[in-house]
1. Would you tally the residues in the stretch A:264-284 being open to solvent by less than 20 Å² (accessible area, probe 1.4 Å), more than 9 Å from chain C (Cβ to nearest Cβ) and not hydrophobic (A, V, I, L, M, F, W, C)?
2. Is it the case that C:Glu149 is crowded, with 18+ Cβ neighbours inside 10 Å, over 27 Å from A:Thr69 (Cα atoms) and away from every other protein chain (no Cβ under 12 Å)?
3. Quick check on my filter: what residues within the stretch B:128-164 are touching an Asp or Glu at 6+ places or on another chain (Cβ under 6 Å) and in a loop (DSSP other than H, G, I, E, B)?
4. When the stretch A:232-246 is examined, which residues are found to be basic (Lys, Arg) and in a loop (DSSP other than H, G, I, E, B)?
5. Which one of these is in contact (Cβ under 8 Å) with a residue 40 or more places away in the chain, among the charged types (D, E, K, R) and crowded, with 24+ Cβ neighbours inside 10 Å: C:Asp125, C:Asp137?
6. With the checklist (1) surrounded by fewer than 16 Cβ atoms within 10 Å (Cβ to Cβ); (2) at pLDDT below 95 in hand, flag the one item A:Pro307 doesn't pass.
7. Could you tell me how many of the residues in the stretch A:285-302 are at the interface with chain C (Cβ under 9 Å from one of its Cβ atoms) and surrounded by fewer than 24 Cβ atoms within 10 Å (Cβ to Cβ)?
8. Only residues that are at the interface with chain C (Cβ under 7 Å from one of its Cβ atoms) and open to solvent by less than 50 Å² (accessible area, probe 1.4 Å): list them for the stretch B:86-115, please.
Amino acid sequence: MHVLEARQFERAWLQGTLFPLADRMAGLAEFGAHRLLEGRRLFWLFFEPSTRTRVSFESAIALLGGTATGIQVDPGAELVPERLEDRVQVINGYGYDFLLLRYHEEGGAARAAAVSRAPVINAGDGAGEHPTQALLDAYTIWKELGRLEGLRVALVGDLTYERSTTSLARLLAHCGVAGIDFVSPALLPVRAEIKHELADAGVAFRELRDVRQVAADVDVLYLTRAHTERLRYAQRSEREAGHYAVDAHVMQLLRPSAIVMHPLPRGPELPPELDADPRVACFRQARNGLHVRMALLLLLADASPLPASR
Amino acid sequence: MHVLEARQFERAWLQGTLFPLADRMAGLAEFGAHRLLEGRRLFWLFFEPSTRTRVSFESAIALLGGTATGIQVDPGAELVPERLEDRVQVINGYGYDFLLLRYHEEGGAARAAAVSRAPVINAGDGAGEHPTQALLDAYTIWKELGRLEGLRVALVGDLTYERSTTSLARLLAHCGVAGIDFVSPALLPVRAEIKHELADAGVAFRELRDVRQVAADVDVLYLTRAHTERLRYAQRSEREAGHYAVDAHVMQLLRPSAIVMHPLPRGPELPPELDADPRVACFRQARNGLHVRMALLLLLADASPLPASR
Amino acid sequence: MHVLEARQFERAWLQGTLFPLADRMAGLAEFGAHRLLEGRRLFWLFFEPSTRTRVSFESAIALLGGTATGIQVDPGAELVPERLEDRVQVINGYGYDFLLLRYHEEGGAARAAAVSRAPVINAGDGAGEHPTQALLDAYTIWKELGRLEGLRVALVGDLTYERSTTSLARLLAHCGVAGIDFVSPALLPVRAEIKHELADAGVAFRELRDVRQVAADVDVLYLTRAHTERLRYAQRSEREAGHYAVDAHVMQLLRPSAIVMHPLPRGPELPPELDADPRVACFRQARNGLHVRMALLLLLADASPLPASR
């Protein structure tokens, strides 16, 4: 079994299997190292820089008694680049139990899974997916608000190239949310295929350009980095500037029960001065990532009830 | 004891000690982690980039219950470069049990061994040697073909600067092979000292420029990367292009019992379309590397019957 | 508790707690891995390159049964750099037991400690401090010479920007030494605040420009790299060249009971030809670093008698 895309996962499995196991992992982690995955070894193979995802998985396997190692590849540096499939076969030959892959092009995880005996975990494939981020985000919403059904979620930022929001929208499509507001510059809209998936699943959505238009209505305000080169360029071309950040005013608009999420690292779109507001959940979200990833590793190790990629 | 050069190792030790132990390691590795080297620590000190050799040794020690860490040095980056001998003494002071060294100049491993209490394993020294690659290559031949004696082996590619073929030729010189065919551009011939060693040992050899001239006769066709800058340059100066790759035609010439080896990473000289042919042994060869390195670490830890460098 | 600056530590604690524990660690280390910190995990977060300090701490925790991982940050590489405080909070969320921080600006360790539940260990903050280097240096003096009280110590090199000497001078200010000789170019003098601290503590000091003026008088000659760009520039502006290196002549001047220390890596200021002289203690000093860091980790893990930062 592999973890390749958000669409693999249904609400029943999330709420019946993954989330309760992640809750138990939160308890386990507090008491230090454990032996559930003693001797199991994770290999991370990264074609793009990353620290948070790697470190989160390293912590997850370490807390379960296993170990991690890996390599960072610069895909532009080789005269004759080594084939991804060759690398994956060699790593399998070395007997690793998990292969965590971040690839610079869409579809990398699926190519790896096609030749890998060890479970492949997609840690991001180009502008494609980042399914474990979506799982930890959904877990955070569920843990903070007690449910996924009937919620209104706003996804904010570069919705064309940001993997977190792409994967989360795909996952939420099957979770009974009441609706999704996509807040982005006109040049960086949510992808057409996501809109098709939402329409097929009967989930209402809107496309907007100002977070203040939705702040009073949503249960979850999900921000992403708003100061990338791409976003700056996209905003220059707009007649009226969009608004993809929170400030004290936006926090006032927001319901008392709502939460603000961010995959981190953040820029000025989520000022640290707001951290004291208990609705800002980004560090709890990061910590939840540890517990969700521990749960995923346990499930992959048993190869038990993990849903298949389509 | 240290692992410095292929000439250290005689056929009797290979077939009587190393290879049977590597066979047992293959069995061990399947059942996950073990405790034979629990608490033992390997330090890798690399002055050239490498991933395969490092990862292979990391896996080897992890599967035996030990741990690995290390540093990558860019020898050109320091105003006053630190002496290799200083580094080795500090690493010894930190109590490591094994020192895996890849150095950018010939003789690095011998310099390190001169000041190291911990066993030094030469993981490549410039255009010099790569003895553990030669050991895993010889083990692969022995495992695939049942013997080393009487075999015909072709080594193909840049035979002046490629460490794998240099070390393997040196090792096979003492293993009773029937003969070695060196297939390379005229500008990148096998080194003169290798030819002297083979002549001294009474091993016949030929120098050729087309793999098709030898394919029908050999038991082992050992390819190396054929698309480096150096090889391209060397081929431009030849009146008639050499041939240092396999394709469907070469595979037809090859005996049913022969094998094709490659230290990886490969370029177009070994097209992935041929991987389905069971004679292509390169991924089994990579996996054998794990088992040979596990065996070497065990032998070095006991400091028992490892032959001395000359 | 955190390890932030040399001024935290008093002589009584050094001689009564840290040094005896480091002695016991030296014994432990010889017998291989131990379980005192089994399952404990150290995270290193480095904003400047370093290998020695990282490797020394990695060895320390490994010898006590724990594990280490971390990341190297290039502070200039990000469009919107992630806040140090954000990084520290995420790392805490992942449950690490120790945070080893090297930062590129003074005050980084204190900022991290302000938001960290896990003990922060300052592994260098810009031109600020490197307190664990000072602790291992003081331990080396104590171990080699049997005491700190009444000793004369010369600190040599770039005394403005070299963290080792800054931290050691601060630590020795409270250890009853007889006096400190600062030997540096006029442009790179010991910092004014260090001189104030020494004056307040009643420790005599001198500022000189030639190591030969003090060699016959001191118990400890502490060298640092004398061939940095900064030192070369500083020396060009001096009418008469200073002298910040040892050679056979300086070794003759030195008392039989004196020692020569160096934090390594060294340049030509301490020629390897002198290593055979038993007074050259630099490799014993490096090894002592392992034992002092093992002792510090044990003390931090128990959160027992570690003195607080001021």
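1. Selection size over the stretch A:264-284: 1.
2. Spelling it out, it is not the case that C:Glu149 is crowded, with 18+ Cβ neighbours inside 10 Å, over 27 Å from A:Thr69 (Cα atoms) and away from every other protein chain (no Cβ under 12 Å).
3. B:Gly128, B:Glu129, B:Leu151
4. Restricting attention to the stretch A:232-246, the residues satisfying the condition of being basic (Lys, Arg) are A:232, A:236, A:239.
Answer for the stretch A:232-246, where residues must be basic (Lys, Arg) and in a loop (DSSP other than H, G, I, E, B): just A:Arg239.
5. Among C:Asp125, C:Asp137, only C:Asp137 is in contact (Cβ under 8 Å) with a residue 40 or more places away in the chain, among the charged types (D, E, K, R) and crowded, with 24+ Cβ neighbours inside 10 Å.
6. The single condition A:Pro307 does not satisfy is (1).
7. Residues flagged as at the interface with chain C (Cβ under 9 Å from one of its Cβ atoms) and surrounded by fewer than 24 Cβ atoms within 10 Å (Cβ to Cβ) within the stretch A:285-302 amount to 2.
8. Here is the first cut: in the stretch B:86-115, the ones at the interface with chain C (Cβ under 7 Å from one of its Cβ atoms) are B:86, B:89-90, B:93-95.
Selection gives B:Asp86, B:Val90, B:Gly93, B:Tyr94, B:Gly95.
The values are calculated or read from the model by the stated rules, or taken from the named source; none is laboratory data. The structure presented is a predicted model; accordingly, all values stated were derived computationally and were not measured. A quick note on method: Cβ atoms are made from the backbone with ideal geometry, for glycine too, and the neighbour counts reach across all protein chains shown. SASA here: full protein model, heavy atoms, side chains in, ligands and nucleic acids out. Shrake-Rupley method; radii C 1.70, N 1.55, O 1.52, S 1.80 Å.
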